[in-house]
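Novice: Could you have a look at this structure, given as structure tokens, before my questions?
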There are 2 protein chains.
Amino acid sequence: MTSNEAGRRPTLAVVGATGAVGTVMLSLLDERPGIWGEIRPIASARSAGRTVRVRGADVVVQALAPEVFDGVDVAVFDVPDEVSARWAPVAAAHGAVAVDNSGAFRMDADVPLVVPEVNADQIPTRPRGIIANPNCTTLSMIVAVGALHRAFGLESMFAASYQAASGAGQAGIDALYDQLTVVGGTRELGRTAGDVRKAIGEDGLGPFPAPLALNVVPWAGSLKDGGWSSEEFKVRNESRKILGIPDLRVSATCVRVPVITTHAVAVHARFTRPVTADEARTVLLNAPGVAVVDDPSAGEFPTPADVVGTDPTWVGRIRQSPDDPHEVALFLCGDNLRKGAALNTLQIAELLVQDWLYL
Amino acid sequence: MTSNEAGRRPTLAVVGATGAVGTVMLSLLDERPGIWGEIRPIASARSAGRTVRVRGADVVVQALAPEVFDGVDVAVFDVPDEVSARWAPVAAAHGAVAVDNSGAFRMDADVPLVVPEVNADQIPTRPRGIIANPNCTTLSMIVAVGALHRAFGLESMFAASYQAASGAGQAGIDALYDQLTVVGGTRELGRTAGDVRKAIGEDGLGPFPAPLALNVVPWAGSLKDGGWSSEEFKVRNESRKILGIPDLRVSATCVRVPVITTHAVAVHARFTRPVTADEARTVLLNAPGVAVVDDPSAGEFPTPADVVGTDPTWVGRIRQSPDDPHEVALFLCGDNLRKGAALNTLQIAELLVQDWLYL
């Protein structure tokens with residue numbers, strides 16, 4: 001931080017306070033008292049003037065403008081890329097550290113991309129005054145994969161995602177619920193081609209390119225080179241940057257599934273050293289931010305509906321490849337609105353304040 | 001076949017005629033007239049005596065007994081493993097060729113495991129009089145993977161499945177519909193841990209170890225060595241046998257998703273020769289039994305709800321790895337009750353009869 005005034009508790013701006021992630025951010029702030037002084041909710045002009053609950057009190061949401069960052073120590077941004085691209089530098093110019101959950105700055109060489117359990121050491125060097133928060137799919141696996149990397153040396157990784165509707169924001173949640181209302185309990189739907197599509201109509205697709213109820217959709221994000229989706233490239237490029245392995249081989253297929261919240265990922269990872277399932281399990285059991293649930297004989301493994309609303313990265317189905325002693329398969333789940341977005345951002349903000357209070 | 005009587009059309013026994021796959025088998029037989037003489041529906045004693053529609057006529061289902069195989073040329077089995085294990089050899093001893101869709105004989109060295117588009121050449125050598133039909137998950141991808149293998153030489157393969165409820169039979173379909181009836185349209189469900197589980201209760205799980213509505217469940221089958229599921233080992237071992245690559249490296253994570261019918265699989269495959277996406281697409285466009293839908297810029301890729309009720313293996317999201325020119329990623333869908341079960345079995349039966357009629 002640029003200031004260090006004894007006796008003052010730091011001011012936090014929450015930009016995007018009325019959105020899906022911003023709402024979770026405010027609820028996390030309720031659960032973590034005693035750190036922040038003023039908490040200032042900020043949103044676009046459209047949502048400004050509304051009140052939101054902040055630590056039990058009604059607080060009026062301010063509209064984005066340069067002066068709302070006056071006196072702010074940390075500004076967390078949960079807004080679309082183009083809003084962050086414009087306003088995070090403004091917050092930084094006003095002396096705040098901007099912690100940005102959009103894709104606008106993640107691959108910028110001058111912006112650290114931080115997951116506290118993996119690379120908190122990257123926080124102090126932030127020449128632009130901006131720290132980026134990774135994509136929610138990357139975050140649903142990287143804490144566990146990072147722990148295994150430290151122990152065994154990651155060489156390559158395959159990832160297939162099972163991504164929740166809320167990854168596409170409130171519009172995604174609404175579309176899935178609306179579709180389920182149409183198809184739920186209608187036993188003939190989903191058995192012949194296009195039934196779901198016909199039942200919900202084109203308007204019912206919401207932010208998804210195909211029906212999501214009683215379906216899975218192998219697409220998230222925008223089209224990139226070679227037919228890859230932006231989400232798949234994010235998993236690859238962000239994993240490389242967070243883990244500090246510029247030439248890491250990462251191949252992902254990102255698929256949306258009819259789940260409201262919590263992303264899951266099947267990961268098959270190869271390490272430079274051999275890894276048994278027990279060795280991997282021991283590392284994961286001791287890794288901060290990771291919870292292991294792995295007893296398939298008792299029907300125990302993480303599922304999205306069981307872990308939604310919790311903080312850790314959940315790991316199960318830990319298996320060594322029968323064909324390659326260096327390869328381990330895992331099934332991971334993480335709440336995409338908490339660790340996948342608001343929680344990781346807030347953890348970074350808290351580490352910034354920790355520096356400021358004690359240095 | 002062991003007989004070749006001019007002028008007689010072959011007799012087909014459908015064992016398991018009242019089950020989920022058997023029902024699809026009878027409907028396929030309606031669509032493919034002109035091949036079979038008598039079609040004899042057979043089931044367990046519990047279902048025997050009922051009538052089923054066979055080519056527009058009501059036919060009484062006969063109970064499994066040695067004499068029901070008298071005069072049968074081909075007997076298709078869509079029954080649990082233990083029923084096939086007992087009765088397929090009985091059918092063979094009566095002179096029929098048994099085409100079995102259970103897991104009882106698939107890895108038997110004396111039983112060919114056949115996908116007509118891939119290894120029809122294995123059909124004539126069947127010392128036990130039994131031909132096995134692969135698992136539905138293997139079948140949802142192997143036609144396309146087999147075509148790429150012939151062109152480029154498959155070396156290793158990762159597969160993550162998105163498996164439909166009907167893969168667990170009628171009980172799976174019923175459980176998912178019942179769960180959707182409970183959670184459908186109830187907007188607060190699925191947002192906090194255990195909501196779905198609480199709403200449906202333990203009885204509502206059906207054949208799945210966790211709730212499937214608004215969830216995904218990383219488990220299918222029974223527990224095998226090293227924490228792998230039987231379904232995951234089937235994908236590995238059956239792919240090796242069908243493709244004739246005994247040491248093929250295959251690593252799969254099998255996950256159930258809230259879809260009624262049609263399995264999907266994300267496959268990342270490495271070949272001995274380099275493969276561009278265009279080269280892979282050309283091979284797949286020309287492969288029998290494969291349909292390509294691959295234009296993400298127009299929102300076009302296969303999804304389970306769009307292809308259910310159709311015969312081909314659908315392929316989209318064809319991408320060359322940016323890190324490895326020998327690796328291609330694909331997203332595949334196949335109706336698990338048709339090509340994944342009844343259709344492939346019937347195709348084998350038809351090839352057997354083709355031999356018998358023209359040799």
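The values are calculated or read from the model by the stated rules, or taken from the named source; none is laboratory data. Keep in mind that this is a model prediction, so the values were computed, not measured. Virtual Cβ from ideal backbone geometry, glycine too; neighbours counted across all protein chains shown.
Novice: What is the one condition in (1) polar (S, T, N, Q); (2) touching a residue at least 12 places away in the same chain (Cβ under 8 Å); (3) over 22 Å from A:Asp335 (Cβ atoms) that A:Ser102 does not satisfy?
Specialist: Evaluating A:Ser102 over (1) polar (S, T, N, Q); (2) touching a residue at least 12 places away in the same chain (Cβ under 8 Å); (3) over 22 Å from A:Asp335 (Cβ atoms) leaves (3) as the failure.
Novice: Another one. On the given criteria, is B:Glu231 under 24 Å from A:Ile318 (Cα atoms), more than 9 Å from chain A (Cβ to nearest Cβ) and crowded, with 18+ Cβ neighbours inside 10 Å?
Specialist: Details: under 24 Å from A:Ile318 (Cα atoms): yes; more than 9 Å from chain A (Cβ to nearest Cβ): yes; crowded, with 18+ Cβ neighbours inside 10 Å: yes.
In short, yes.
Novice: Next question, about the same structure. I'd like the full set of residues that are crowded, with 24+ Cβ neighbours inside 10 Å and more than 12 Å from every other protein chain (Cβ to nearest Cβ), limited to region A:242-253.
Specialist: Filtering region A:242-253 down to residues crowded, with 24+ Cβ neighbours inside 10 Å leaves A:242, A:250-253.
The one that is crowded, with 24+ Cβ neighbours inside 10 Å and more than 12 Å from every other protein chain (Cβ to nearest Cβ): A:Ile242.
Novice: Hey, could you check region A:151-166 for residues that are within 14 Å of chain B (Cβ to nearest Cβ) and part of a helix (DSSP H, G or I) and say which is nearest to B:Asn215 (Cα to Cα)?
Specialist: So the residue we want is A:Ala165.
Novice: Does at least one position in region B:152-169 carry a residue that is surrounded by fewer than 18 Cβ atoms within 10 Å (Cβ to Cβ), modelled with pLDDT of 85 or more and among the aliphatic types (A, V, I, L, M)?
Specialist: The answer is no, given that none of the residues of region B:152-169 is surrounded by fewer than 18 Cβ atoms within 10 Å (Cβ to Cβ), modelled with pLDDT of 85 or more and among the aliphatic types (A, V, I, L, M).
Novice: Of all residues in region B:205-224, count the ones that are more than 8 Å from every other protein chain (Cβ to nearest Cβ) and out of contact with any helix residue (DSSP H, G or I) (no Cβ under 6 Å at 6 or more places or on another chain). Don't jump to the end; show me each part of the working.
Specialist: Our first condition is that a residue be more than 8 Å from every other protein chain (Cβ to nearest Cβ); within region B:205-224, this holds for B:205-208, B:212-213, B:220-222, B:224.
After this cut, where a residue has to be out of contact with any helix residue (DSSP H, G or I) (no Cβ under 6 Å at 6 or more places or on another chain) as well, the list is B:205, B:208.
Within region B:205-224, residues that are more than 8 Å from every other protein chain (Cβ to nearest Cβ) and out of contact with any helix residue (DSSP H, G or I) (no Cβ under 6 Å at 6 or more places or on another chain) number 2.
Novice: Given region B:32-119, what strands (runs of 3 or more DSSP E) lie entirely inside it while holding 2 or more residues that are closer than 24 Å to B:Pro312 by Cα? Working first, answer last.
Specialist: Values: elements: B:39-43, B:51-54, B:57-60, B:74-77, B:97-100.
The qualifying strands (runs of 3 or more DSSP E) are B:74-77, B:97-100.
Novice: Just checking, how many residues over region A:1-37 are more than 25 Å from the chain's Cα centre (by Cα) and modelled with pLDDT of 95 or more?
Specialist: First, the residues of region A:1-37 that are more than 25 Å from the chain's Cα centre (by Cα): A:2-9, A:37.
Imposing the further condition that a residue be modelled with pLDDT of 95 or more reduces the set to none.
Looking only at that region, the number is 0.
Novice: I need the full set of residues from region A:308-337 which are touching a Gly at 6+ places or on another chain (Cβ under 7 Å) and among the polar types (S, T, N, Q), in order please.
Specialist: Those that are touching a Gly at 6+ places or on another chain (Cβ under 7 Å) and among the polar types (S, T, N, Q): A:Thr313, A:Gln320, A:Asn336.
Novice: Further question: Being facing chain A (nearest Cβ under 7 Å) and in contact (Cβ under 8 Å) with a residue 40 or more places away in the chain is true for just one of B:Arg270, B:Arg319, B:Arg256. Which residue is that?
Specialist: Values: B:Arg270 fails: facing chain A (nearest Cβ under 7 Å); B:Arg256 fails: facing chain A (nearest Cβ under 7 Å).
Only one candidate passes the filter, namely B:Arg319.
Novice: Among the numbered criteria (1) more than 21 Å from A:Leu223 (Cα to Cα); (2) modelled with pLDDT under 95, which single criterion is violated by B:Gly299?
Specialist: Condition (1) is where B:Gly299 drops out.
Novice: Something else now. Tally time: how many residues in region A:294-311 are closer than 26 Å to A:Pro116 by Cβ and out of contact with any Asp or Glu (no Cβ under 9 Å at 6 or more places or on another chain)?
Specialist: So the answer is 2.
Novice: Test B:Tyr177 against the criterion of being hydroxyl-bearing (Ser, Thr, Tyr), facing another protein chain (nearest Cβ under 10 Å) and in contact with a Pro (Cβ under 8 Å, 6 or more places away or on another chain), and give yes or no. Let's see the steps before the verdict.
Specialist: On the way: hydroxyl-bearing (Ser, Thr, Tyr): yes; facing another protein chain (nearest Cβ under 10 Å): yes; in contact with a Pro (Cβ under 8 Å, 6 or more places away or on another chain): no.
Criteria not met by B:Tyr177.
Novice: Still on this model: Look through region B:322-331, keep the residues that are of a type outside the set (Asp, Glu) and surrounded by fewer than 24 Cβ atoms within 10 Å (Cβ to Cβ), and return whichever of them is nearest to the other protein chains (Cβ to nearest Cβ).
Specialist: B:Pro322
Novice: Right, another one. Could you pull out the residue among B:Gly334, B:Gly289 that is surrounded by fewer than 22 Cβ atoms within 10 Å (Cβ to Cβ), under 17 Å from the mean Cα position of the chain (by Cα) and touching a residue at least 60 places away in the same chain (Cβ under 8 Å)?
Specialist: Numbers: B:Gly334 fails: surrounded by fewer than 22 Cβ atoms within 10 Å (Cβ to Cβ).
Residue meeting the stated conditions: B:Gly289.
Novice: Let me ask something additional. Report yes if A:Leu337 is in contact with a helix residue (DSSP H, G or I) (Cβ under 8 Å, 6 or more places away or on another chain), within 13 Å of another protein chain (Cβ to nearest Cβ) and closer than 22 Å to B:Ser251 by Cβ, otherwise no.
Specialist: Numbers: in contact with a helix residue (DSSP H, G or I) (Cβ under 8 Å, 6 or more places away or on another chain): yes; within 13 Å of another protein chain (Cβ to nearest Cβ): yes; closer than 22 Å to B:Ser251 by Cβ: no.
It is false that A:Leu337 is in contact with a helix residue (DSSP H, G or I) (Cβ under 8 Å, 6 or more places away or on another chain), within 13 Å of another protein chain (Cβ to nearest Cβ) and closer than 22 Å to B:Ser251 by Cβ.
Novice: Within region A:72-95, restricting attention to residues that are closer than 20 Å to A:Pro33 by Cα and over 22 Å from the mean Cα position of the chain (by Cα), which residue is surrounded by the fewest Cβ atoms within 10 Å (Cβ to Cβ)?
Specialist: A:Val72
Novice: Which residue out of A:Asp306, A:Asp294 is surrounded by 21 or more Cβ atoms within 10 Å (Cβ to Cβ), at pLDDT 95 or above and facing chain B (nearest Cβ under 9 Å)? Can you show your working first?
Specialist: Values: A:Asp306 fails: at pLDDT 95 or above.
From the options A:Asp306, A:Asp294, the qualifying one is A:Asp294.
Novice: Now, a different point. Every residue in region A:323-353 that is of a type in the set (A, V, I, L, M) and more than 15 Å from A:Val290 (Cα to Cα), please. Quick ask: steps written out before the conclusion?
Specialist: The first filter runs over region A:323-353 and keeps only residues of a type in the set (A, V, I, L, M), leaving A:328-330, A:332, A:337, A:341-343, A:346, A:348-349, A:351-353.
Once the filter is applied, which keeps residues that are of a type in the set (A, V, I, L, M) and more than 15 Å from A:Val290 (Cα to Cα), region A:323-353 yields A:Val328, A:Ala329, A:Leu337, A:Ala341, A:Ala342, A:Leu346, A:Ile348, A:Ala349, A:Leu351, A:Leu352, A:Val353.
Novice: What is the residue count in region B:283-335 for residues that are among the polar types (S, T, N, Q), touching a strand residue (DSSP E or B) at 6+ places or on another chain (Cβ under 7 Å) and either under 20 Å from B:His149 (Cβ atoms) or outside the structural domain of B:Ile260 (by TED's automatic domain parsing) (or both)?
Specialist: Going through region B:283-335, the residues among the polar types (S, T, N, Q) turn out to be B:286, B:297, B:303, B:310, B:313, B:320-321.
Of the ones still in play, those that are also touching a strand residue (DSSP E or B) at 6+ places or on another chain (Cβ under 7 Å) are B:297, B:303, B:313, B:320-321.
Restricting the remaining residues to those that are either under 20 Å from B:His149 (Cβ atoms) or outside the structural domain of B:Ile260 (by TED's automatic domain parsing) (or both) gives B:313, B:320-321.
Here the count works out to 3.
Novice: Next up: Restricting region B:255-286 to residues that are surrounded by fewer than 23 Cβ atoms within 10 Å (Cβ to Cβ) and touching an Asp or Glu at 6+ places or on another chain (Cβ under 8 Å), which is nearest to A:Val250 (Cα to Cα)?
Specialist: Only one residue tops the list, namely B:Arg270.
Novice: Could I ask something else about it? Give me the residue from region B:306-324 that is charged (D, E, K, R) and more than 16 Å from B:Asn336 (Cβ to Cβ) and, out of that set, farthest from the chain's Cα centre (by Cα). Even if it seems obvious, please write down each step before you answer.
Specialist: From region B:306-324, those charged (D, E, K, R) are B:306, B:311, B:317, B:319, B:323-324; that's our starting set.
Next cut, more than 16 Å from B:Asn336 (Cβ to Cβ) only: B:317, B:319, B:323-324.
Numbers: B:Arg317: 22, B:Arg319: 25, B:Asp323: 33, B:Asp324: 31 Å.
Top of the filtered list is B:Asp323.
Novice: In region A:273-285, which residues are away from chain B (no Cβ under 14 Å) and under 22 Å from the mean Cα position of the chain (by Cα)?
Specialist: Result: A:Leu285, single match.
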